[in-house]
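Only the coordinates and a few stated rules stand behind these numbers; no lab work does. Just so we're clear, the structure is a prediction, and the values are computed from it rather than from any experiment. Reconstructed Cβ throughout: ideal geometry from the backbone, glycine too, with neighbour counts over all protein chains shown.
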Amino acid sequence: MKPKKTEKADLEQKRGFFFQIGLVVSMAAVLLAFEWRSYDRNVMDLGDLKLEDIPEEMIPITKQEEKPPPPPPPAPVEIQIVEDDVEIENEAEIEETEITQETAVEVIEVAEEVVDEPEIFTIVEDMPEFPGGGESALLRYLSKNIKYPPLARENNIQGIVYVTFEIDRSGKVKDAKILRGIGGGCDEEALRVVSNMPQWKPGRQRGKPVRVQYNLPVRFTLK
């Protein structure tokens, strides 16, 4: 039996050719797969320029303030030269007066300034003085009139009692007080002797007798 197809229609003869074409296509597909690259979309968009629609700022129209024109310069002052012979109205007249014995002089009395002085002084120009000889007479009076208190003698109490008192304008001793005492009856004895002092010669300030505050130490000593 004879084959029906012709030799040209027989595909077995072209198998090698088709095999080579398939091999070339497969090699091209493999190479394309290796060379294929993908890029990040964000990186690709870096070159894109985005223009935002910014609203246009409206600038108000300002008008330049119109300044008023400067005032006109003052009119020039005319200076009129007056001759010596011309009489000037409203001229001030100066009357010449001489001081004579008949001229009355008004005397203004100025009141003497009164200086407020303290009622009691501690230091004055003329200090008070004990009668009969001053300080030496005062020491004799104290040694003669002071009696040592028995309580202070029994307890061997010794020391100085400080007494303060006032000598008024007439020289009398007033308001005797203890500034610092030692106890044992010595304070009371010092007050008794000071309060019974005779009248002093008063202190004077500017020639007038004044009140003076006087401080006196009274010593108590056992022999």
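Restricting attention to region 152-167, does a residue exist that is touching a helix residue (DSSP H, G or I) at 6+ places or on another chain (Cβ under 6 Å), surrounded by 15 or more Cβ atoms within 10 Å (Cβ to Cβ) and more than 21 Å from GLU119 (Cα to Cα)? Taking every residue of region 152-167 in turn, at least one turns out to be touching a helix residue (DSSP H, G or I) at 6+ places or on another chain (Cβ under 6 Å), surrounded by 15 or more Cβ atoms within 10 Å (Cβ to Cβ) and more than 21 Å from GLU119 (Cα to Cα).
For region 175-209, name all the residues that are touching a residue at least 40 places away in the same chain (Cβ under 8 Å), surrounded by 14 or more Cβ atoms within 10 Å (Cβ to Cβ) and over 45 Å from the mean Cα position of the chain (by Cα). Give the steps one after another, and end with the answer.
From region 175-209, those touching a residue at least 40 places away in the same chain (Cβ under 8 Å) are 189-190, 193, 196-206, 209; that's our starting set.
Okay, now just the ones that are also surrounded by 14 or more Cβ atoms within 10 Å (Cβ to Cβ), so 189-190, 193, 197, 200-205, 209.
Result: GLU189, ALA190, VAL193, MET197, TRP200, LYS201, PRO202, GLY203, ARG204, PRO209.
Grab the strands (runs of 3 or more DSSP E) fully contained in region 144-223, keeping just those with 1 or more residues being within 23 Å of GLU125 (Cα to Cα) and out of contact with any Lys or Arg (no Cβ under 8 Å at 6 or more places or on another chain). Show your work before the answer.
Values: elements: 159-167, 173-180, 203-205, 208-220.
Answer list for region 144-223: 173-180, 203-205, 208-220.
Screening ASN215 with (1) surrounded by 12 or more Cβ atoms within 10 Å (Cβ to Cβ); (2) touching a Ser or Thr at 6+ places or on another chain (Cβ under 7 Å); (3) without any contact (Cβ under 8 Å) to a residue 60 or more places away in the chain gives one miss only, at (1).
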